Amino acid sequence: MRATSTKAPAKPPAAKRAKASAPPVTRVAGKPAASRVRPHESGASARADAIDRAAAAQPATTVSIRPVRPSDLAQVIAIDSIVTGLEKADYWRTIHRRYGDAERAGRRFLVAEANGSVAGFVIGEVRDWEFGSPPCGWVFAIDVHPQFRLAGLGTRLVGAMADWFRREGVDTMRTILARDNTLILSFFRSLGMTTGPFIPLEIDLQGADFFPIGRDRAP
Amino acid sequence: MRLQKNTLLALYSVLEFAFDPTRHISASEIAHKYDVSPHHLAKVLSELARSGYVESVRGVGGGYRFAANARRVTLMDIILLFEDFAPAGADRREPGESTPVGQALASVMHEIDEIAKATLSSITLATMLQWIERNRQTRPVRRPAARSAARGKAGDATEEAA
């Protein structure tokens with residue numbers, strides 16, 4: 001990354017000039033002064049703060065982590081729908097068939113139950129020698145109902161999955177995320193996860209003729 | 001990737017403050033610890049205060065203290081106060097950058113930039129504090145002794161990080 005320039009010191013915000021005790025504000029790069037916000041109220045941080053407030057409003061709960069049951073599926077679909085904004089019932093039924101059987105070797109689908117309801121879930125799988133990697137545990141789905149965030153459920157879910165991976169004999173836990181998903185990236189980072197030794201690569205097969213994969217090249 | 005000196009000073013400082021939000025730390029204490037000019041550091045702290053990440057405390061024992069939420073502030077938030085990662089405007093581009101070779105190289109650099117930005121945007125000060133604590137427990141870091149000696153400081157040759 002190259003720093004193209006150093007910013008010139010900016011004038012204090014008008015509100016701060018007017019009143020020393022005004023709330024602190026900061027600039028968001030590339031945005032006009034009108035969109036200035038508190039440091040912790042921009043983008044994903046604003047969502048996270050909304051979740052903070054929702055979590056603070058929740059009464060104390062009793063939480064347990066356990067394998068998924070068929071009767072949990074509707075709540076799992078609902079949580080995913082709330083978090084992603086997209087209901088994918090068929091997908092989750094398929095996932096439940098593949099991963100919901102606790103006896104099935106190498107696969108685990110856990111839920112966090114809070115006060116008798118499903119408040120979150122995590123799905124993982126041990127994969128052997130995929131991409132040349134020694135056996136490792138993949139976390140490929142995790143969701144926590146927004147009402148229960150910041151109560152440590154995500155940490156407990158990942159912790160339970162990590163314990164299971166250890167019992168399965170693997171030393172590495174791995175996941176993959178969209179790089180603009182800063183909220184969940186920050187969550188995994190807070191658990192100590194760092195960038196791994198693999199780099200995902202992709203190409204747009206419809207639009208890219210830069211390297212015409214699978215097409216005859218002109219002689 | 002290389003951050004400018006002001007940016008590094010801001011990161012050092014904000015992490016020092018975030019480590020104990022109740023503690024007032026003087027600019028001179030940080031300047032001494034990181035072996036920098038107090039005058040230079042004062043400008044950086046002033047910008048951090050202006051942006052609301054720290055607040056100044058007047059009087060005896062005064063200085064600055066942390067004023068934000070360490071779980072919500074990322075390294076990128078601090079870096080963007082001092083650096084501009086926007087693409088260079090046409091007036092600042094090197095002549096070679098518009099050639100096919102230059103454009104191909106720019107694509108590679110863009111990939112690197114995007115990964116760096118995602119990394120910096122996903123690491124909060126709270127996560128950094130965990131790493132720092134781990135380093136304190138496991139790895140004493142050697143201070144740049146040569147520079148300290150050149151400035152006539154006896155100081156400890158070894159000092160824990162941050």
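The values are calculated or read from the model by the stated rules, or taken from the named source; none is laboratory data. Model, not experiment: these values are computed from the prediction. Every residue, glycine among them, receives a Cβ derived from its backbone with ideal geometry; neighbour counts consider all protein chains shown.
Assorted remarks:
- Residue within segment A:118-127 that is among the basic types (Lys, Arg) and closer than 30 Å to B:Asn135 by Cβ present: no
- Options A:Val139, A:Val118: the member that is in contact (Cβ under 8 Å) with a residue 40 or more places away in the chain, among the aliphatic types (A, V, I, L, M) and not in a loop (DSSP other than H, G, I, E, B): A:Val118
- Qualifying positions in segment B:43-67 - within 8 Å of chain A (Cβ to nearest Cβ) and either touching a residue at least 60 places away in the same chain (Cβ under 8 Å) or assigned to a strand (DSSP E or B) (or both): B:Glu55
- Each residue in segment A:177-189 was checked for being over 9 Å from the mean Cα position of the chain (by Cα) and not acidic (Asp, Glu), and 2 pass.
For every residue, the table says whether it meets (1) more than 27 Å from A:Arg149 (Cβ to Cβ); (2) at pLDDT 95 or above; (3) of a type in the set (A, V, I, L, M); (4) in contact with a Ser or Thr (Cβ under 7 Å, 6 or more places away or on another chain).
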| residue | (1), (2), (3), (4) |
| --- | --- |
| B:Arg23 | yes, no, no, no |
| B:Glu29 | yes, no, no, no |
| B:Val36 | yes, no, yes, no |
| B:His39 | yes, no, no, no |
| B:Ala42 | yes, no, yes, no |
| B:Gly59 | yes, no, no, no |
| B:Asn69 | no, yes, no, no |
| B:Leu75 | no, yes, yes, no |
| B:Ala86 | yes, no, yes, yes |
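- Consider segment B:49-84 and keep the residues that are β-branched (Val, Ile, Thr) and surrounded by 16 or more Cβ atoms within 10 Å (Cβ to Cβ). The one that is farthest from A:Leu185 (Cα to Cα) is B:Val54.
- Residues in segment B:97-123 that are over 26 Å from the mean Cα position of the chain (by Cα) and either facing chain A (nearest Cβ under 7 Å) or charged (D, E, K, R) (or both): B:Glu97 alone.
- Subset tally (residues that are in a loop (DSSP other than H, G, I, E, B) and either in contact with a strand residue (DSSP E or B) (Cβ under 9 Å, 6 or more places away or on another chain) or of a type in the set (D, E, K, R) (or both)) for segment A:81-115: 10
- Within segment A:142-173, tally of residues that are in a helix (DSSP H, G or I) and of a type outside the set (Asp, Glu): 17
- Verdict on A:Gly152 being surrounded by fewer than 21 Cβ atoms within 10 Å (Cβ to Cβ) and either within 25 Å of B:Val73 (Cα to Cα) or at pLDDT 95 or above (or both): yes
- Flag for A:Arg174 being more than 14 Å from every other protein chain (Cβ to nearest Cβ), farther than 30 Å from B:Glu111 by Cβ and charged (D, E, K, R): no
- B:Ala126 meets the conditions (1) at pLDDT 95 or above; (2) under 22 Å from A:Leu177 (Cα atoms); (3) more than 7 Å from every other protein chain (Cβ to nearest Cβ); (4) surrounded by fewer than 20 Cβ atoms within 10 Å (Cβ to Cβ) in every case but one. The failed one is (3).
- Residues of segment B:88-96 include at least one that is within 8 Å of chain A (Cβ to nearest Cβ), outside any helix (DSSP H, G or I) and more than 21 Å from the chain's Cα centre (by Cα).
- From B:Ser37, B:Ser13, residue being closer than 22 Å to B:Thr74 by Cα and away from chain A (no Cβ under 14 Å): B:Ser13
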